[in-house]
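Q: Pasting in a structure now, in structure tokens, and then I'll have a few things to ask.
We did not get these values from a lab; they are worked out from the coordinates using the rules stated. What you see is a predicted model, and the numbers here were worked out from it, not measured in a lab. A quick note on method: Cβ atoms are made from the backbone with ideal geometry, for glycine too, and the neighbour counts reach across all protein chains shown.
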Amino acid sequence: MMRVDAAMAQKECELISERTTAALAAAKARGAALGGDRGHPVEGPSAAAAARARRLAAERAAHRLALEIERLRTDGITGQAAITRALTERGVPAPRGGVAWAHTTVARVLVRTEA
């Protein structure tokens, strides 16, 4: 029984290979580009580029939120814990889109905007 299953699997493998080869040949005949560039930047994906993008996004979010924090401070809410509670209560979206603020998130926004 096992020998028949192995033979059937081998035959199916050959049929798949033939169908794939025929499909690629047909695509090539139609003028489709095969292989090559998949839309990556010229320099290719890199950890440094990803880190720069995250840092820029964090800086933009911090400066956007700085206005809301400044409003809270003019209302007399100055402590970090109080700012955290007020942002959550007012439903201000956190930098990553959440609705609940953490004191560390407020601290990071303050560091980015005060530096």
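Q: Identify all residues within segment 80-101 that are surrounded by 13 or more Cβ atoms within 10 Å (Cβ to Cβ) and assigned to a loop (DSSP other than H, G, I, E, B); write none if there are none.
A: V92, P93, A94, P95, W101
Q: Report, ordered by the first and then the second residue, all pairs with beta carbons closer than 7 Å, sequence separation of six or more or different chains, a first member in segment 57-68 that is more than 12 Å from V92 (Cβ to Cβ), and a second member that is among the basic types (K, R).
A: From segment 57-68, the pairs are A58/R112; E59/R112; A62/R112.
Q: Looking at segment 51-79, which of the residues that are β-branched (V, I, T) and exposed (fewer than 14 other Cβ atoms within 10 Å of the Cβ) is farthest from E114 (Cα to Cα)?
A: Going through the qualifying residues, I end up with T74.
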